[in-house]
Structure formats: structure tokens, C-alpha cells
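Some notes on the structure that comes next.
The values are calculated or read from the model by the stated rules, or taken from the named source; none is laboratory data. Everything numeric here is computed off the predicted structure, so don't read it as measured data. In this analysis, Cβ positions are derived from the backbone assuming ideal geometry, glycine residues included, and neighbour counts consider all displayed protein chains. Accessible surface areas use protein heavy atoms only, side chains included; no ligands, DNA or RNA. Shrake-Rupley method; radii C 1.70, N 1.55, O 1.52, S 1.80 Å.
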Amino acid sequence: MLGPGSVLSAEEAGERPANIKLQAIPQTAMGLVRPRTTEEVSAVLRLCHEVGQPVCVQGGVTCLDGSISAPDELALSLERMTLIEQIDPVARIGIVQAGCILQTFQEAVQAEGLYYGVDYGGRGSATIGGNISTNAGGMNVLRYGMTREQVLGLEAVLADGTVVTSMNKMLKNNAGYDLKQLFIGTEGTLGVVTRAVLRLRPLAKTENAALVALESFGAVLAFLGYCQERFGDVLTSFEVMWRAHYEHVVAYSGKP
Ligand SMILES: Cc1cc2nc3c(=O)[nH]c(=O)nc-3n(C[C@H](O)[C@H](O)[C@H](O)COP(=O)(O)OP(=O)(O)OC[C@H]3O[C@@H](n4cnc5c(N)ncnc54)[C@H](O)[C@@H]3O)c2cc1C
């Protein structure tokens with residue numbers, strides 16, 4: 001059903017950490033499968049459905065909850081579904097398999113003079129499918145919105161192996177049910193996301209960051225309002241560090 005190297009035993013799965021932040025704790029899955037295609041995901045899920053085998057879907061395992069497998073679960077990792085199928089600079093879309101690492105996609109897109117609106121600290125490990133399944137936000141929500149706002153279309157496999165394809169490429173699309181929304185932010189409970197069509201933006205010509213010290217939270221809100229009025233849509237990020245956080249970072253890095 002799957003090619004060589006696609007199935008790991010419980011022992012082999014146990015050589016992997018449960019999560020990127022829990023390196024000392026091994027995975028406990030009863031096995032781990034690594035499909036390469038939507039058809040292979042479908043075949044695995046159909047078989048598991050027939051025999052009542054619980055499945056734990058895994059992307060980059062950066063989340064501290066849903067992607068940590070239980071001993072009776074079969075882990076299904078998207079780690080070999082990493083293909084960037086297309087980057088279209090004219091339509092400003094990218095088509096990608098769900099196991100593609102966020103940073104890999106960001107870099108491929110930027111090489112074409114474009115920008116993908118989701119970014120955060122876990123970029124080097126988290127996958128596009130994981131981002132979609134958690135509706136990841138990150139640093140650029142003010143300007144570009146959450147992951148939900150980037151997804152134009154997707155493909156998913158239901159628990160019984162049925163493939164649901166809704167690979168819409170159009171920004172303006174009000175035709176019928178918007179099925180993709182069922183799979184965004186639902187952490188794999190309704191299906192495994194296998195491919196997606198993502199919206200891309202022009203790459204900014206310049207970027208500027210400012211670190212501003214303010215006296216109170218009221219002043220922070222007033223400053224945000226001022227920046228939004230002054231800069232409009234050009235304002236990408238606005239993050240607050242409390243005093244204790246700032247002092248910890250300075251003490252740790254030795255830099256003000
Ligand atoms: C340093 C760091 C910073 C972060 N910062 C932010 C932030 O600013 N904003 C924010 O929103 N989040 C943030 N996160 C959390 C982030 O949303 C998730 O870590 C990420 O989106 C999950 O991607 P993943 O590939 O690691 O998914 P996993 O951790 O592997 O899985 C997450 C969930 O999605 C399910 N899942 C994974 N892939 C699929 C798939 N293909 N189909 C269906 N279900 C799937 C899993 O079963 C699990 O329930 C951060 C994480 C880290 C480590």
C-alpha cells in the first residue's frame with residue numbers, strides 16, 4: 001500500500017521526541033506512517049477506519065497538544081508530503097503539499113518577489129498543514145490576518161478515506177458551500193489536510209522596526225491607534241513585551 005520506509009514500528013517512532021519542545025520525552029505511538037501522496041493518506045485512513053484504529057495526525061509537532069500521540073494511536077506524519085507544486089506570481093498563489101515547512105515555503109515565495117502573510121517563531125519546524133489545522137496567527141495578523149485569510153482552497157481526506165477536493169484559486173468566490181472552512185482550525189478532527197492553495201502578496205520593498213518604551217497599557221493602546229491612523233495597512237506587526245519579559249530578554253542576551 002505504501003512505499004519502502006513509509007512505516008515505522010513503535011520502537012522506531014519512540015526514537016523521536018513527542019514534541020519539539022519535549023525533546024526528552026519519546027513518542028508513544030503504536031507505529032508511525034509517512035505517506036507521500038493524498039492517495040496514500042486515503043488508503044491509510046480507509047484501512048484504519050475499517051478496523052477502528054485511532055490515528056494521530058502530525059505535522060511539525062510544534063503544538064503541545066493534538067499532535068502528541070497516545071500509545072494506542074497510529075501516528076500519521078505529513079513529513080514526506082513537502083512538495084511546492086506551484087508558485088504563480090501573476091495570480092499570486094502558491095500550491096503546496098501540507099507537510100511543507102512554513103519557512104521553506106516562505107523562502108520559495110520570496111525568491112519570486114512575493115510574500116506569504118503568516119510568520120512566527122516556529123517557522124523552521126511547523127508545517128503548512130499544521131498552520132491550517134491550528135489556524136495559526138503569528139506576528140503579521142494586523143496586516144494579513146490569520147491563516148484562514150491565506151487559504152483560498154484545500155484538499156483533505158476524511159476519516160473513512162474519502163478525498164474532499166476544494167482547490168479554489170480565486171480570491172473572489174461565492175459559489176456554494178465554503179467547505180475548506182471545516183478543516184481550518186479544527187486540528188485534524190474532521191480530516192487530514194493534504195494540499196492547499198495559498199494567497200500571496202507583493203514582497204515589501206523596505207521594512208522598519210521600532211522599539212518603544214511606554215508607561216502604561218493605556219499608552220500602548222493609544223500608540224497602536226496612532227500607528228494605525230498614521231501608517232494604515234502598511235503596519236504589519238505590533239507586539240507588547242511586559243517589563244519582566246523585557247528584563248529577562250536583556251539579562252539572557254546581555255544586550256539592551
Ligand atoms: C516557537 C513557536 C512560536 C509559535 N508562535 C505562534 C504564534 O505566534 N501564533 C500561533 O497561532 N501559533 C504559534 N505557535 C503554534 C503554532 O500554531 C503551531 O505550532 C503550528 O501551527 C502547528 O504546526 P505543526 O506543523 O507543528 O503542527 P502539529 O503540532 O504537528 O499539529 C498541530 C495540530 O494540527 C493537527 N495537524 C497537523 N497537521 C495536520 C494536517 N495536515 N491535517 C490535519 N490536521 C493536522 C495535529 O493533529 C494537531 O492537532 C508557535 C509555535 C512555536 C513552536
Legend entry - Mean Cβ count within 10 Å, highest first, over the residues of peptides 104-112, 224-232, 48-56: 104-112, 48-56, 224-232
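If packing is taken as the average count of other Cβ atoms within 10 Å, what order do 143-149, 126-132 fall into, highest mean first?
Numbers: 143-149: 17.7, 126-132: 29.1.
So the peptides 143-149, 126-132, ranked by packing, come out 126-132, 143-149.
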Inset, instruction - Could you run the Karplus curve 6.51 cos²θ - 1.76 cosθ + 1.60 with θ = phi - 60° over the range 242-256 and give me ³J(HN,Hα) per residue in whole Hz, x for Gly and Pro? - result: 6, 3, 4, 4, 4, 5, 5, 4, 5, 5, 5, 8, x, 10, x
Inset, instruction - Compute the accessible area per residue over the chain, keeping the other protein chains in place, probe 1.4 Å, unit Å². - result: 56 Å²
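Find the relative contact order for the chain and round it to a whole percent, using C-alpha pairs within less than 8 Å whose residues are 6+ positions apart. Can you show the working numbers first?
Working: 479 pairs, mean separation 42.8, N = 256.
Relative contact order here is 17 percent.
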Legend entry - Sulfur and carbon atoms: percent of accessible area, the chain [1.4 Å]: 56 percent
Legend entry - Summed residue charge, Cβ within 11 Å of residue 116's Cβ, Lys/Arg positive, Asp/Glu negative: +1
Legend entry - Overall Cα dimensions of the range 174-256 - principal axes, largest extent first, Å: 50, 32, 29
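Let me know the number of lysine pairs in the chain closer than 29 Å at the Cα, not counting same-chain pairs under 8 apart.
Details: 21/255; 169/180; 169/205; 172/180; 172/205; 205/255.
Lysine pairs meeting the criterion: 6.
Quick one: net charge around residue 217, please, counting Lys, Arg +1 and Asp, Glu -1 for every other residue with C-beta under 14 Å from its C-beta.
Values: positive: 243; negative: 215, 239.
The answer is -1.
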Legend entry - Euclidean distance between Cα centres, the range 91-150 to the range 193-247, Å: 17 Å
Legend entry - Degrees between helix 217-231 axis and first principal axis of the chain (Cα, 0 to 90, nearest 10): 90 degrees
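Wrap a convex hull around the Cα atoms of the chain, take a quarter of its surface area, and give that in square nanometres. Don't skip to the end; give the middle numbers.
Working: hull surface 66.9 nm².
Mean orientational projected area (the chain, Cα hull): 16.7 nm².
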